[in-house]
Amino acid sequence: MQSGGGAQMAPFGMGVVPSVLSEGAHEEKGETAQMSNFIGAIAVTDLVKTTLGPKGMDKILQSQSGSIMVTNDGATILRSLLIDNPAAKVLIEISKTQDDEIGDGTTSVCCFAGELLREAEKLLLLHLHPQTVVSGYRKAARAALAKLEALAVDHKSDREKFRAELVKLACTTLSSKVLAQSKQQFAELAVDAVLRLEGSTNLDLVQIIKLPGGSMRDSWLEPGFLLQKKLGVGQPKVMKDAKILVANTAMDTDKVKIYGARVRVDSLTRVAEIEKAEQAKMLAKCERIAAHGCNVFVNRQLIYNRPEQFFSSKGIMAIEHADFDGVERLALVTGTSIVSTFDDPGSVELGRCDKIEEIMIGEQTVLRFSGCSAGAACSVVLRGANSQLLDEAERSLHDALCVLSQTAAVESRMVLGAGCAELAMASAVDEAAAQEQGKIALAMDAFARALRALPGIIADNAGLDAAELVGTLKAHHARGEHHMGLDIEKGVVGDVQALGITESFKLKYAMVNSAVEAAEMVIRVDDVIKAAPRKREDPYGRH
Amino acid sequence: MVGAIAGGAGGAGESEARGASQKSKDVRLSNITAAKGVADAVRTSLGPRGMDKMIQVANGDVLITNDGATIVERMNVQHPAGKMLVELSKAQDSEAGDGTTSVVVVAGALLSASLSLLNMGIHPTTISEGYQLALDKALEVLQQMSTPVDLSQKDAILQAASTSLNSKVVSQYSSLLAPMAVDAVLKVARKDGDGNDVVDLKDVRTVKKLGGTIDDTELLEGLVLTQEASSSAGGTTRVPNAKIALLQFQLSPPKTDVENNVIVQDYNAMDRILKEERQYLLGLVKRIKASGANVLLIQKSILRDAVTDLSLHFLAKLKIMVVTDIERDEIEFISKSLGCSPVASIDALAPEKLGKADLVEEVSLSGGEKVVRFTGVSTSTAPTASILVRGSNNLVLDEAERSLHDALCVVRSLVRKQFLIAGGSAPEIEVAVQLAQYSKTLAGMQSYCVRAFGDALEVVPYTLSENAGLFPVEIVTELRRRHAEGEANAGINVKKGRVTDMVQEKVVMPLLVISSALRLATEAVRLILKIDDVVLTR
């Protein structure tokens, strides 16, 4: 069913289809298009689905340059894939969206969309019209989400309880990641970090520092801010009650930035005078900086010897060449802004913190800013055996922080995890399907099957008998026991409430919504047109 | 309907799972094989009778070493799992400094053990959890075996340093190097704000100079610089009662940041400019003299000349010794060692900024190399130590430095965590025996995994005796028997070729080295076990 370009450029006549597409363009129609879309989407799903759940596996991503990355994060895997299939790209896209909005559940959303498409493929073989499938899916999604809302619980009012629930939530998120081995520790750590934010979702305040060496259990949460820099020679090593000026300014000389500017003199004495003048200018700048009343000066750029000496003599701690990220964050956490001109000391709000000191972590010396004015700020120091481990730990922790901050600040409702929510939704869809007449009920049944496939994958990954477990769970949920789910550790069906596995309501809601939308989009397609690749001129004129 | 749904989903899942599991098995096998390959490469360098490796770097340079971290780093490993072991060795290097070979060997052994567990059909994550359980128990056993040590017990610390050095190329000099390492580290050890002992190895400087033999290596009181004293124009090279100034400005004609042109219009002007230059420099030099400084250390400058022939000439006249080309990152160490503060402009040069030393002298070492040595330094600031390493060729010199670094790290580990444990693979075999017993109290698959973990650790005594030319099976079984009888410190005495009490033989090492090796190896192995796919990406 393909109509290519040039081959059919025959004169018009009976039975000859004229090509309307330009040469090199490519079109797939009808069933072929649908087939290739389904195959692409399902292939991507199969690739990531082994990472799902507490016994999910990791993948090595090996780039062409040879660098490697070990990860369990669906979004990271999908983002790095080389894909040339439009439907697969849709799945990658929704996974990315999930990552941006929620931060976790990136694999689940892709898997669910994939399962929906797998079911849709079967329905199309039964001669259901794609539009019927779509409207069935929509109806089913409505029923499922209504059930999800009904099941969601909110603990926000009770502070103690809310914290405990957040820890559970963090544990669930972390249990499928590399941090699972010490998930309780990291869950507490993430919750502490998020609660410090007090309702903000600005994760910039949580700084993650990775230092190879030690083991993951040596990781800790540092209330305050860490900067991987050294102090100038001869300056105070400890500063109490610090008043911090954060700047981005050249500390060599304020050069005349006009191209070709030069001075012409006729004697060396004059050169010496100009040099003196330049130095005086610099010193004046230092004086102006000191006039702000700061006792700590952090500069984005280098501080040369002379200004450094000046600051030492004034007892000002000068930190040079702090990286951009570090400076911005420092300004944020100490409650100041980055300044570049120093003419108006009154207008600059100095950053405050109680104490700055050098501490040693492993072989590294870092500066610790404790008691910062933005109390929300904190640093997480991650230790681990190698950089792959640290990178993955950072990604996992970031996922947990995202979910927690969203839950703490935006949407505090939670639902039960471990396949509970999926099965409850599926049973709601079943009930709704029973009321429907016609083909649309088939589509709704298919939707329920796709929902049940998710716990199936989790059980499969753990090497358990998925069909048996999901079947048992289905019966429990049909009886209205909506707290039953998978106990992966024991390999049986268990009470999830007692196991303490919770998930964010927002995550599940977004998962169902965006997976349905993505599936719908792919199902409705009946024609794929690939534009002709842009012609490259052969630079040598050869053919 | 139920059956149809569940069966349908399960059926599809199963057939794919089987296909996928074949693939993930292959991936796992390839990862484990690669990692074992790396481990096997360094295996033979373990222990006092371990052999060295000659590594030819791509540019043709040759390197001879016994240091695990160095070997794996230079091996240019391509396989992703192999790379992880390389990183693992590096992490051990930064954490404990020694045991970089053991950590790789242990990781390799744990991986081969997991291979047989996987073949039994145990799920990788279950193995991974079992290993963690075993590790926790192992650390407990190690803690029990170890004995606390005080920093004043120099003998014990010395023994630990010797143990580390004994497995190196320079082992015949261990009686010389070990005390040096101990003295150097203890000199720079200090208490931090929380009362913990901390050591920053940046305070210990090792300076390499070709020539002489390792015997000539020495720990210096004070400071040694590899830069030579300027001898042009008859500069002084020996100054008693030195007052040292650390200069960050230049003794050369002025130069502005804005480009400048001196315009010479006639012949007279040229003369005048030359005269002015002399005067300008003379002025600077006189002010230096006035401050009382008689030794100048001048920082390198990229923008202009640090000194000129003319200024050197003036300084020589005034009997002021000059050492140039000090790097900016050396400044802190020098100012710490000499108790002087850097001076960035002539106006800031004041007597209180100078450091004092009884003697500053440029000495020629055997082999024609020269160093500047500062003795009799009165340090009121944080102490530092310098070690001058000598060797007859670059290969020996580099290896000596690496070995010394390991020894320094060993002592530092002791300062950090003040526990000693027996060496000679006694801890490994003790952990193996204890874990075997512990596994009997467990039920299910965990028991198997814990047992396998313990058995895997026997690779260390096995390799150690193999490398020493002993009969491994005999030694390992003998060790097992002795440990089962409660002799926790029984280990391999490589010199005598039999099993003896290691503490009596004074073969000890810091607890941190072995505990960190086990922890890091387990962590890396767990990461590798969890991988089921290698995906090529951009």
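The values are calculated or read from the model by the stated rules, or taken from the named source; none is laboratory data. Keep in mind that what you see is a predicted model, and the values were worked out from it rather than measured. Cβ: placed from backbone, ideal geometry, glycine included. Neighbour counts: every protein chain shown. With ligands, DNA and RNA removed, areas are computed over all heavy atoms of the protein, side chains included. Shrake-Rupley method; radii C 1.70, N 1.55, O 1.52, S 1.80 Å.
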Legend entry - Dipole of the protein assembly as shown, positive direction: furthest Cα of B:A407, A:V263, A:I39, with charges on the beta-carbon: A:V263
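About the Cα centre, and with charges only on the beta carbon of Lys, Arg (+1) and Asp, Glu (-1), how big is the dipole of the protein assembly as shown? Nearest 20 debye, please. Please report the intermediate quantities before stating the final value.
Working: 119 positive and 136 negative charges, 318 e Å.
Around 1520 debye, computed over the protein assembly as shown.
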Legend entry - Computed helical MRE - 222 nm, the protein assembly as shown, DSSP H runs ≥ 4 contributing -39500 (n - 2.57), nearest 500: -16500 deg cm²/dmol
Legend entry - Karplus 3J(HN,Hα) series, Hz, for the range B:492-505 with 6.51 cos²θ - 1.76 cosθ + 1.60 (x for Gly, Pro): 7, 8, 5, 5, 8, x, 8, 8, 9, 6, 6, 5, 5, 6
Legend entry - Whole-Hz ³J(HN,Hα) from phi, Karplus 6.51 cos²θ - 1.76 cosθ + 1.60, for the range A:492-499, glycine and proline x: 9, 8, x, 7, 5, 4, 6, 6
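Is the shape of the range A:282-322 rounded, prolate or oblate, going by the alpha carbon gyration tensor and its root eigenvalues a ≥ b ≥ c, with a/c under 1.5 for rounded and a/b larger than b/c for prolate?
rounded
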Inset, instruction - Mind listing, in residue-number order, the residues in the range A:383-400 that have at least 50 Å² less accessible area with every protein chain present than in their own chain alone (1.4 Å probe)? - result: A:A385, A:N386
Inset, instruction - Work out from phi, with θ = phi - 60° and the Karplus expression 6.51 cos²θ - 1.76 cosθ + 1.60, the ³J(HN,Hα) of each residue of the range A:414-424, listed in order in whole Hz, and give x for Gly and Pro. - result: 10, 10, 6, x, 6, x, 4, 4, 4, 5, 4
Legend entry - Three-way shape label, the range B:458-508, alpha-carbon gyration tensor, a/c 1.5: oblate
Legend entry - Exposure rank, largest accessible area first [B:Y462, B:Y448, B:Y173; 1.4 Å]: B:Y448, B:Y462, B:Y173
Legend entry - Positive-end residue of B:A69, B:V170, B:A91, charge dipole of chain B with Cβ unit charges: B:V170
Inset, instruction - Would you jot down the residues in the range B:114-162 that end up with at least 30 Å² less accessible area in the complete protein assembly than in the chain alone, with a 1.4 Å probe? - result: B:H123, B:T125, B:E129, B:Q132
Legend entry - Antiparallel content of DSSP bridges confined to chain A, in %, to 5: 70 percent
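Among DSSP beta bridges whose residues both lie in chain B, state the antiparallel percentage, nearest 5. Intermediate results must be reported in sequence, preceding the final value.
Numbers: 36 of 54 bridges.
Within chain B, antiparallel bridges account for around 65 percent of the total.
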Legend entry - Dipole magnitude of the range A:426-543 about its Cα centre (Cβ charges: Lys, Arg +1; Asp, Glu -1), debye to nearest 20: 640 debye
Inset, instruction - Give the angle, between 0 and 90 degrees and rounded to the nearest 10, that separates the Cα long axis of helix B:267-291 from the longest principal axis of the Cα atoms of chain B. - result: 60 degrees
Legend entry - Charged-residue dipole, Cβ positions (Lys, Arg, Asp, Glu), chain B about Cα centre, Debye nearest 20: 340 debye
Legend entry - Cα-based helix-to-principal-axis angle, A:466-478 vs chain A, degrees rounded to 10: 80 degrees
Inset, instruction - Estimate the FRET efficiency between B:D136 and A:K122 by the formula 1/(1 + (r/R0)^6), using the beta-carbon distance for r and 45 Å for R0, to the nearest 0.05. - result: 0.40
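Would you mind checking the pairs B:K53/B:K83; A:K210/A:K508; A:K96/A:K229; A:K168/A:K508 and listing those with alpha carbons more than 23 angstrom apart? Show your work: numbers first, answer last.
Values: B:K53/B:K83 19 Å; A:K210/A:K508 31 Å; A:K96/A:K229 34 Å; A:K168/A:K508 16 Å.
In this structure, A:K210/A:K508; A:K96/A:K229 lie more than 23 Å apart at Cα.
Rank A:S80, A:S67 by accessible area, highest first, at a 1.4 Å probe radius? Walk me through the intermediate numbers first.
On the way: A:S80 20, A:S67 65 Å².
Reading off the accessible areas and sorting them downward yields A:S67, A:S80.
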Inset, instruction - Using the charge dipole of chain B (Lys, Arg: +1 at Cβ; Asp, Glu: -1 at Cβ; taken about the Cα centre), state which of B:G497, B:L115, B:L354 has its Cα farthest towards the positive end. - result: B:L354
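If I stretch the segment between B:Q279 and B:K506 completely, what's the gain in nm (0.36 nm per residue apart, minus their alpha carbon distance), one decimal? It would help to have the intermediate numbers written out before the result.
Working: separation 227, 0.36 × 227 = 81.72 nm, distance 6.72 nm.
Extra length available between B:Q279 and B:K506 comes to 75.0 nm.
In square angstrom, what is the accessible area per residue of the range A:430-480 with a 1.4 angstrom probe? Don't jump to the answer; show the numbers that get you there.
Details: 2080 Å² over 51 residues.
In whole numbers, the range A:430-480 has 41 Å² accessible per residue.
If you take the square roots of the eigenvalues of the alpha-carbon gyration tensor of chain A and sort them as a ≥ b ≥ c, do you get rounded (a/c under 1.5), prolate (a/b over b/c) or oblate?
Numbers: a/c = 2.94, a/b = 1.56, b/c = 1.88.
Taking the square roots of the gyration eigenvalues as a ≥ b ≥ c, chain A is oblate.
Ignoring ligands, DNA and RNA, how much accessible area is buried between chains B and A, both sides summed, with a 1.4 Å probe, to the nearest 100 Å²? Write down the numbers at each step before the final one.
On the way: alone 25520 and 26850 Å², together 45200 Å².
In total, this chain pair buries about 7200 Å².
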Legend entry - With Cα atoms, 0 to 90° folded angle of helix B:445-457 axis to chain B main axis: 50 degrees
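Quick one: with all protein chains in place, what share of the accessible area of the protein assembly as shown is carbon or sulfur, to the nearest percent (1.4 Å probe)? Working shown, then result.
Numbers: 23180 of 45200 Å².
Ligands and nucleic acids excluded, carbon and sulfur give 51 percent.
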